[in-house]
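*Asks:* Sending over a structure as structure tokens; questions will come in a sec.
Just so it is clear, none of the values below were taken in a lab; they were calculated from the coordinates. All figures in this text were calculated on a predicted structure; none of them were measured in a lab.
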Amino acid sequence: MFGLFKKKSELEKLQEQYQKLMKDYHRLSTTDRTASDKAFAQADEIAKKMDALK
């Protein structure tokens, strides 16, 4: 309850974006290979940013 108004850290924001892109990557992997590869590339860039923050 006390964390209700707590702002998310940059790392938490990046983790949410990464998870969303990986879900999109997995969903698109069976239908649209180019869009799937694009989502994976974006997720990889976010993963590199997360590693740099750690």
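*Asks:* Given the -39500 (n - 2.57) contribution per DSSP H run of 4+ residues, what per-residue ellipticity at 222 nm results for the chain, rounded to the nearest 500 deg cm²/dmol?
*Replies:* -25500 deg cm²/dmol
*Asks:* Residue by residue through region 4-14, what is 3J(HN,Hα) from phi via Karplus (6.51 cos²θ - 1.76 cosθ + 1.60, θ = phi - 60°)? Round to whole Hz and write x for glycine and proline.
*Replies:* Once θ is set to phi - 60°, the couplings for region 4-14 become 4, 9, 6, 7, 7, 6, 4, 5, 5, 5, 5 Hz.
*Asks:* Additional query: Would you compute, for the Cα atoms of the chain, the largest minus smallest coordinate along each principal axis and list the three values in descending order, in whole Å?
*Replies:* So the three principal-axis extents are 43, 26, 9 Å.
*Asks:* Per-residue HN-Hα couplings for region 42-48, Karplus 6.51 cos²θ - 1.76 cosθ + 1.60 at θ = phi - 60°, whole Hz, x for Gly and Pro?
*Replies:* Listing the rounded values in order: 5, 5, 5, 5, 5, 5, 5 Hz.
*Asks:* Follow-up question, since we're still on this one. Any idea how many Lys pairs in the chain come in under 24 angstrom at the alpha carbon, given 8 or more places apart or on separate chains?
*Replies:* 27
*Asks:* Also, quick follow-up: When the Karplus curve 6.51 cos²θ - 1.76 cosθ + 1.60 is applied with θ = phi - 60°, which whole-Hz ³J(HN,Hα) does each residue of region 15-22 get, with x for Gly and Pro?
*Replies:* 5, 5, 5, 4, 5, 5, 5, 5
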